[in-house]
Every structure is written in structure tokens, then in C-alpha cells.
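The values are calculated or read from the model by the stated rules, or taken from the named source; none is laboratory data. Every value quoted in this text rests on a predicted model; they were computed, and no experiment measured them. A quick note on method: Cβ atoms are made from the backbone with ideal geometry, for glycine too, and the neighbour counts reach across all protein chains shown. With ligands, DNA and RNA removed, areas are computed over all heavy atoms of the protein, side chains included. Shrake-Rupley method; radii C 1.70, N 1.55, O 1.52, S 1.80 Å.
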Amino acid sequence: MRITYVTITYNAAAVLQRTLDSVLNQDYPKISHLIVDGASTDGTLDMVNAYVEKSNAAGNGHRIQVTSEPDKGIYDAMNKGLRSIDGDYVCFLNAGDFLPSSDTVSRIVAAIGDGSPSVVYGDTDIVDNEGRFLHHRRLAPPEHLTWKSFRHGMLVCHQAFYARTDFAIATPFNQKYRYSADVDWCIRIMKEADKENVPMLNLRMVVANYTQEGQTTLHHRESLWERYKVMESHYGRISTFLMHCWFVVRAVIKPGAI
């Protein structure tokens with residue numbers, strides 16, 4: 001079984017090293033790592049080239065593919081990654097995010113076993129810009145995930161969402177969204193899995209460390225509105241409105257719940 005990671009970079013030298021190291025140090029050999037760079041002008045590509053040399057010297061069996069050219073934003077770059085993936089499952093691991101331990105991929109593959117679920121998913125820890133643990137992600141993955149689960153929020157972040165490649169390739173990111181196309185992408189993949197009656201697998205472990213400061217944090221208000229529109233497109237206007245009314249009530253009753 002081959003696992004593919006796609007990392008999108010643009011002037012990411014300040015945070016990228018821990019991402020590269022976490023993939024480099026995996027003890028599982030059948031890993032592909034696609035680095036899709038948006039023509040960085042800092043030290044990102046020097047860092048990536050050093051990573052390729054280290055991986056080759058280690059003889060760990062990993063395949064690394066690097067492209068660097070201007071793009072039309074992060075979801076355009078992610079679609080470029082989708083067009084190049086191979087193997088059985090793909091996960092988008094952002095620059096700054098990282099795998100929690102050297103046996104993370106081995107444990108994921110062992111959990112999948114001889115099965116072929118449409119999606120395998122796990123939990124996430126939140127880290128700061130230095131990669132230090134802050135807390136477990138508040139939204140926890142449900143025992144049985146379906147496309148309807150995301151009515152309650154993005155219960156599985158995309159760094160902990162491993163899509164089977166046939167579903168992933170058939171579901172490009174919708175570039176009309178600037179901040180929340182990942183939410184839409186996950187929902188659409190789960191919808192297709194439901195149509196084909198292909199189960200999903202809860203890994204019941206932390207599979208990603210997620211950097212708190214990302215584009216959705218920097219553009220928080222725009223991201224929230226766009227995510228609302230994504231949910232409305234999948235769950236309907238009335239259902240989405242009522243659910244968000246409940247989010248507001250819950251936040252008043254229990255501050256910090258949203």
C-alpha cells in the first residue's frame with residue numbers, strides 16, 4: 001500500500017522543515033511526497049532540495065516529486081497535486097503541519113489491513129508556530145463518519161483525512177472557494193463514498209499535528225462566511241441556518257464551544 005502526501009508551499013521556509021522531517025523520518029517505505037511550490041522566493045526550495053538529498057541518502061524508499069511554478073492560489077496548487085498523485089491514499093499535509101511520530105504511517109497502514117475504505121480518518125493535535133503542543137483539537141471525529149456529519153462543523157480536518165486516490169482524483173477542489181474548498185472537498189468525497197456504499201475507517205488515533213495560524217485564521221471572518229455557504233450548498237438553507245443558530249446558543253451557554 002502506498003500513501004501519498006501533498007504539501008503546498010509558498011515562501012514557507014519558516015515552518016516547512018518540521019513537515020519535511022516528519023515525512024523523512026517515517027519508518028514506512030512506500031510513501032510518495034509531492035511538493036507543489038508556488039515559485040517561492042525565500043529559502044523554501046533550498047530546504048526542499050536538501051530534503052530530497054537526505055531522503056535519497058537514507059534509502060528509505062520514499063518517492064519525492066517537486067514542482068515550482070506560479071499558481072492561482074492554494075486550491076489551484078492542490079488540484080495540481082491531485083493530478084500527480086499515485087498509490088492508494090492521499091493526504092494534504094500543509095507546510096508547518098507534521099506527522100506526530102515516526103510510525104504514524106505504519107500504524108495507519110496496519111489499521112487499514114486488507115480492507116479498502118473510501119476514507120480513513122483520525123484525530124488532530126493543535127500546535128503553535130514553533131511546533132509545540134497546545135491542545136487537542138476541540139472538534140473530535142465521530143465513531144462513524146458520514147457526509148452528513150459535517151453539518152456539525154468540520155469534525156475531521158483535511159490533514160487527518162486520507163482519501164482513497166480514485167475518489168480523490170475524481171473530486172477536484174472547487175476553486176470558487178478561497179478558504180473553505182477543503183471542507184467542500186471532504187464532503188463531496190464522502191457523498192460519493194456513500195453513493196457507492198464504500199465504508200470509512202476511524203483510525204482512533206492522532207494522525208496530524210496542525211499549526212494553529214493558517215490562512216483560515218488570518219482571514220477568519222471571510223472563512224466563516226465561506227464555510228457557511230459550503231454547508232448551505234450541501235445541507236440546504238434552512239437546515240444550515242438552524243444549525244448555526246444552535247451554534248450561537250451553544251456559545252452563549254458554553255463559551256468557546258464554537
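Here are some notes:
- Residues within segment 44-65 that are surrounded by 15 or more Cβ atoms within 10 Å (Cβ to Cβ) and of a type in the set (S, T, N, Q), tallied: 4
- Scanning segment 172-188 for residues that are open to solvent by 10 Å² or more (accessible area, probe 1.4 Å) and touching an Asp or Glu at 6+ places or on another chain (Cβ under 7 Å) yields a count of 5.
- Members of segment 83-99 found to be open to solvent by 10 Å² or more (accessible area, probe 1.4 Å) and either more than 17 Å from A181 (Cβ to Cβ) or of a type in the set (A, V, I, L, M) (or both), listed by number: S84, I85, D86, G87, D88, A95, F98
- Number of residues in segment 189-198 that are surrounded by fewer than 22 Cβ atoms within 10 Å (Cβ to Cβ) and closer than 24 Å to N209 by Cα: the value is 1.
- Taking segment 122-144 as the range and being in a loop (DSSP other than H, G, I, E, B) and crowded, with 18+ Cβ neighbours inside 10 Å as the test, the residues that pass are R137, P141.
- Out of T41, T9, one residue alone is of a type in the set (S, T, N, Q), farther than 22 Å from D166 by Cβ and loosely packed, with under 15 Cβ neighbours inside 10 Å. It is T41.
- Restricting segment 225-253 to residues that are over 20 Å from P141 (Cα atoms) and open to solvent by 100 Å² or more (accessible area, probe 1.4 Å), the residue that is modelled with the lowest pLDDT is V252.
- Residue within segment 164-181 that is among the acidic types (D, E) and either touching a helix residue (DSSP H, G or I) at 6+ places or on another chain (Cβ under 7 Å) or farther than 24 Å from L20 by Cα (or both) present: yes
- Among the residues of segment 12-29, the ones that are crowded, with 17+ Cβ neighbours inside 10 Å and out of contact with any helix residue (DSSP H, G or I) (no Cβ under 7 Å at 6 or more places or on another chain) come to 5 in all.
- Test: residue in segment 164-177 that is basic (K, R) and without any contact (Cβ under 8 Å) to a residue 12 or more places away in the chain: yes
- Answer from Y28, Y75, Y51, Y10 - the residue that is within 20 Å of M205 (Cα to Cα) and aromatic (F, W, Y): Y28
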